[in-house]
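What follows is calculated from the coordinates using simple rules that are stated; it is not laboratory data. Quantities reported herein were computed from a predicted structural model and do not represent experimental measurements. We place every Cβ from the backbone using ideal geometry, glycine too, and count neighbours over all the protein chains shown.
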Amino acid sequence: MAPSVAQNLAPDLLYQIFLDATPSILSPNIFSTTPLNASLVCRSWRATTLEMSDLWASIRLSYPDMDRWLDTFPKYSTQPYKLLCRMLSIWMDRSGDNPLDIVLELHVDPEDCVLREARPAYDLLLGNLHRWRSMKINYMNTDFEHRLEESLVRDLRPSSLLESFSGSIYHTSCDTLITHVVGLDLSSCHNLKCLSLANSIKILPIGLDLHRLRVLKTEAVNMDGLSAVLQCSPNLETLQISEGIYGQLRNPQTSQIISLPVLTYMNVTELKVDLGWREWATLFQRLHCPSIVNFRFFSPDSDICLPLRTFFTRSRPPLERFDLDTMSHSSLEDPGFPPHRITAFIEIMKIIPSLVLLTVSGPLGVRPEFLQSLSMNRHDGTGLCPLLTRTMDLYTDSFYSFVRLSDGQEESFPQDKWSGGDEK
């Protein structure tokens, strides 16, 4: 083979060129591209690609990438999954023992033959749990009636290398939790910084030490696992909970305070009355979050004003933005908020004078006591929240949605054109 420029380059420079030139996104023709095609590159380049195993420690195949794969093959074909498993095997072999940074999101068709062909990819990744450093692994099945294979429901026990984990097992045709649940054992994950879980991944509440955890996002999480993580994550900065909370606390200690001293953002949305709402309200009252600045909260029940008052009385945070959604299925004529709950909300306003933006959705938005309270109890006429520059009340009846702004103006329009309060 004739001499090439690559032979005269220092290994570290060749290494950087390879990083910049080689795609980490898996595709059907990735080994035909110039950087990886052995027939198109020189010996020095091939030596770099094969001998520096950490070059192969990053693997990425997202849902859009997977869709592009499937579009190039006949429907129900097993070929894309066979090709994926073969390429993933080569990639993993070349990565040696290096920590892995992986994104693997698969759309799996309910046909048995397709599912069987996808199993080796998961088996390969699960067999290298001890090497995970950053992992995003999502499994989407388009048919709820099709049961998961055993290899996809085993418990996960990553090692202390793990810094970021995002996982989901999801059925597109099912609105509730699926039967099989994958257990996630985080007892060894002392370096975990970001955790995102959705749909049928259950946190095992044993031996947790998550002092480095900064971000926690959950959809349909188990109550005992959530409580255990919150108690062991004193440096948590972002908390996002949606969809629902299932199960109950095994040994509830309602008097024990859960301190999150550096939490600045909390978003609790789309909780359901029949899926852990009461348990979450009890857990929520135990939180102490003195640094929270941005707070978004959805409540399927008007009782939330009382737990909120307990929370704010204990925490007294420097809150700047407060979004409260108390949307119910009752009509506008239904009071929705009895006087003691209105009083509780007014007391909350007194506790957070730093508020700049307030958005309230639901029956509370049509109660005159609410807006009147914002101009009360201040000699200078600035109201309960002197820094408040914008308020928005959102409410709805059977046919129209309404927005009432802080200047007293009101707009209404059909619900099918309603796109959300923040966009208005």
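Mind listing the phi-derived Karplus ³J(HN,Hα) values for region 282-298, rounded to whole Hz, using 6.51, -1.76 and 1.60 with θ = phi - 60°, and x for any glycine or proline?
For region 282-298, the Karplus curve yields 5, 5, 4, 5, 8, 6, 10, 10, x, 10, 5, 10, 10, 10, 10, 9, 10 Hz.
Can you work out the PRE-style zone for V262? Point 7 Å along Cα to Cβ, and I want the residues of region 201-235 with backbone N under 11 Å.
So the set is 211-215, 234-235.
Under a 5 Å amide H to amide H cut-off, with H placed in plane at 1.01 Å, what residues pair with K202 once short-range neighbours are removed?
The answer is V182, G183, L184.
Taking amide H positions as placed in the peptide plane 1.01 Å from N, state which residues far from V268 in sequence (5 or more) or on other chains have amide H under 5 Å from it.
I241, R296, F297, F298
Quick query: amide H of R60 versus all other amide H atoms, modeled in the peptide plane; which residues come in under 5 Å with a sequence gap of 5 or more or a different chain?
L26, V103
Around I351, under 11 Å between beta carbons, what's the net of Lys plus Arg minus Asp minus Glu among the other residues? Working shown, then result.
Details: positive: R309, R314, R316, K350; negative: E347.
Net of charged neighbours comes to +3.
Sort 305-314, 75-84 by the packing proxy (mean of other Cβ within 10 Å over each peptide's residues), most packed first.
On the way: 305-314: 19.3, 75-84: 16.1.
Those peptides, ordered most packed to least, come out 305-314, 75-84.
I'd like the distance separating the alpha-carbon centroids of region 45-108 and region 305-321, in whole Å.
Region 45-108 and region 305-321 have Cα centres spaced 47 Å from each other.
Please list 3J(HN,Hα) in residue order for region 123-131, calculated via the Karplus relation 6.51 cos²θ - 1.76 cosθ + 1.60 where θ = phi - 60°; whole Hz, with x for glycine and proline.
4, 5, 6, 5, x, 10, 3, 5, 9
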